[in-house]
Amino acid sequence: MRGFDRGARSWYARPAMSPPPDTLLGSSIKEVLFTAEDIAAKVQELGRGLTEHYRGRRPLVVGILTGCFPFIADLVRAMDIELEVDFMSVSSYGAGTKSSGVVRFLKDLDQPIEGRDVLLVEDIIDTGLTLKYLTEALHTRKPASIQICALLDKQAGRTQNVEVQWRGFDCPDAFVVGYGLDYSGAYRNLPYVGVLDPSVYKGE
Ligand code: 5GP
């Protein structure tokens with residue numbers, strides 16, 4: 001782990017979380033894990049570290065769709081260097097809360113990456129299956145480097161050995177939504193990350 005991560009609070013060390021705001025979407029959230037302010041501060045911290053790391057190298061910042069969209073938008077604006085942005089789309093989840101265990105390739109990059117410094121930006125890493133599949137596929141294209149930046153890391157779910165160089169928060173082993181993360185397509189527009197009330201997906 002890099003220096004920026006030393007200050008990251010473990011989930012278990014955090015004080016009790018605030019209840020969700022009394023809003024339409026908030027009524028489906030059991031508890032807020034990371035507020036919009038927590039996330040904004042973490043993104044700035046990651047951006048500072050990435051700026052130092054990639055200074056003078058014009059990295060290709062690759063968002064893994066769809067959940068990455070608020071994170072990558074905020075992250076690249078926190079990086080004070082020349083960079084390029086591209087997107088890939090793979091899916092290991094169906095419409096529910098459990099991984100299907102099978103990674104499907106839905107959209108490839110628009111450009112070759114030979115000799116490029118590639119930074120993969122992911123909303124959350126759980127089993128590690130998605131990023132393992134992606135990094136192995138991209139390494140065959142001979143990039144200069146590949147690093148991973150994940151906002152949330154659900155370490156309890158890990159089944160694959162994946163090196164995450166840039167990590168925002170430790171995430172408890174619960175199904176979370178918000179700040180890009182969905183349940184059945186909804187909740188991506190919540191400005192915070194929270195645990196979905198199980199009553200929402202009861203009977204799945
Ligand atoms: P992995 O392949 O590491 O098991 O899972 C990565 C992908 O699974 C993420 O990009 C995300 O789309 C989805 N995912 C994993 N955990 C969660 C979660 O708690 N909530 C949501 N909404 N998606 C998740």
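Each value in this text was obtained by applying a stated rule to the coordinates, not by laboratory testing. Quick caveat: nothing in here was measured; it's all calculated off a predicted structure. Glycine also receives a Cβ, built like all others from the backbone with ideal geometry; neighbour counts cover every protein chain displayed.
Residues of region 157-199 falling in the label zone of L25, defined by backbone nitrogen less than 15 Å from a point 7 Å along Cα to beta-carbon, are 176-197.
Around the amide H of I146, modelled in the peptide plane, lie the amide H atoms of V118, all under 5 Å away and 5 or more residues distant in sequence or on another chain.
In region 153-190, whose amide N lies under 11 Å from the spot 7 Å out along Cα-to-Cβ of K132? List them in ranges. Residues passing the 11 Å test: 158-163. Taking amide H positions as modeled 1.01 Å from N, with prolines and chain starts lacking one, the residues under 5 Å from L152 and 5 or more places away or on another chain are I124, I125, G168, F169. Taking 0.36 nm per residue of separation and subtracting the current Cα-Cα distance, fully stretching the chain between R58 and A186 would add 42.7 nm.
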